[in-house]
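> Could you have a look at this structure, given as structure tokens, before my questions?
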């Protein structure tokens with residue numbers, strides 16, 4: 001990783017963190033309004049669904065097919081989360097599945113960190129944030145996502161990432177200004193629905209790499225340390241059923257039982273009913289039973 005790339009990643013982690021601290025301080029002075037909450041919610045769902053449905057379930061795992069405009073819209077939405085350009089994100093995640101919790105996994109908390117209590121903390125730090133400064137974006141794109149690399153429009157979206165980062169701040173700023181009618185209203189929205197929202201989406205996503213490979217429940221034979229973490233299900237929009245996902249990577253639905261809340265799966269189901277997506281991959285009960293670990297059978 002070049003020094004410039006490393007510094008950009010550091011800025012992408014540190015600036016939203018500082019903004020979140022400032023926002024928490026300003027809240028005591030009524031520096032938060034209903035419009036900020038609404039714009040925050042819209043931007044959170046747009047960017048987070050762009051990651052969970054777009055980058056992850058569709059572009060990485062091809063869990064469903066859709067029209068090209070919708071495909072590209074998901075790629076743009078995911079870019080608004082500021083987790084890296086689309087080709088880099090997909091390549092890294094496909095490499096993660098190819099080497100899950102083994103040597104070569106970009107963000108395993110279990111590999112190469114030694115033993116003992118200190119190793120646990122080193123591993124969790126690496127899986128959550130540390131990998132961003134070491135192996136983020138290093139997966140060979142032509143090897144891990146040749147299908148996306150061969151698409152000129154997807155390459156253009158990848159190349160436009162710096163502009164999309166700017167847009168993810170300007171859109172809430174413009175919405176706040178239009179709603180509140182003042183520059184201050186625009187700046188407040190840019191803080192809450194821009195930087196604070198980016199901070200929260202980042203750390204929820206990164207928790208899937210760290211927490212969901214260390215704590216939680218397993219019930220399938222997967223050969224790795226992936227876990228289901230119920231309390232992360234809603235903020236992650238269903239991604240925290242991560243063990244289910246590793247057991248059946250192509251499944252469009254990560255919540256495999258009625259009580260496993262999966263908002264991304266609900267959106268996919270709705271889009272399928274509307275005819276906007278098709279060839280949705282699902283896992284029937286028989287396949288699930290066949291992969292249960294002996295202790296659960």
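> Output the number of the condition that residue 262 fails; it satisfies all remaining conditions of (1) in contact with a strand residue (DSSP E or B) (Cβ under 8 Å, 6 or more places away or on another chain); (2) crowded, with 16+ Cβ neighbours inside 10 Å; (3) within 22 Å of residue 124 (Cβ to Cβ); (4) free of Cβ contacts under 8 Å to residues at least 60 places away in the same chain.
Going through (1) in contact with a strand residue (DSSP E or B) (Cβ under 8 Å, 6 or more places away or on another chain); (2) crowded, with 16+ Cβ neighbours inside 10 Å; (3) within 22 Å of residue 124 (Cβ to Cβ); (4) free of Cβ contacts under 8 Å to residues at least 60 places away in the same chain one by one, residue 262 breaks only (3).
> Would you check if residue 90 is assigned to a helix (DSSP H, G or I) and modelled with pLDDT of 95 or more?
Working: assigned to a helix (DSSP H, G or I): yes; modelled with pLDDT of 95 or more: yes.
Against the criterion (assigned to a helix (DSSP H, G or I) and modelled with pLDDT of 95 or more), residue 90 qualifies.
> Taking the conditions exactly as written (on the phi < 0 side of the Ramachandran plot, buried (at least 18 other Cβ atoms within 10 Å of the Cβ) and either more than 21 Å from the chain's Cα centre (by Cα) or not in a helix (DSSP H, G or I) (or both)), does residue 123 satisfy them or not?
For residue 123, the condition - on the phi < 0 side of the Ramachandran plot, buried (at least 18 other Cβ atoms within 10 Å of the Cβ) and either more than 21 Å from the chain's Cα centre (by Cα) or not in a helix (DSSP H, G or I) (or both) - is not met.
> Additional query: Restricting to region 101-117, count the residues that are under 23 Å from residue 201 (Cα atoms) and either assigned to a helix (DSSP H, G or I) or in contact (Cβ under 8 Å) with a residue 24 or more places away in the chain (or both).
Going through region 101-117 one residue at a time, the tally reaches 4.
> Six or more apart or on different chains, Cβ atoms under 8 Å: show the pairs whose first residue is in region 279-297 and at positive phi and at pLDDT 90 or above and whose second is part of a loop (DSSP other than H, G, I, E, B) and surrounded by 12 or more Cβ atoms within 10 Å (Cβ to Cβ).
279/64
> Quick check on my filter: what residues within region 126-147 are surrounded by 14 or more Cβ atoms within 10 Å (Cβ to Cβ) and either free of Cβ contacts under 8 Å to residues at least 24 places away in the same chain or not in a helix (DSSP H, G or I) (or both)?
Step one: filter region 126-147 for residues surrounded by 14 or more Cβ atoms within 10 Å (Cβ to Cβ), giving 126-133, 135-139, 141, 144-145.
Within region 126-147, 126, 129, 130, 135, 136, 137, 138, 139, 145 meet the criteria.
The values are calculated or read from the model by the stated rules, or taken from the named source; none is laboratory data. Keep in mind that this is a model prediction, so the values were computed, not measured. For neighbour counting, all protein chains shown are included, and Cβ atoms are generated from backbone atoms with ideal geometry for every residue, glycine included.
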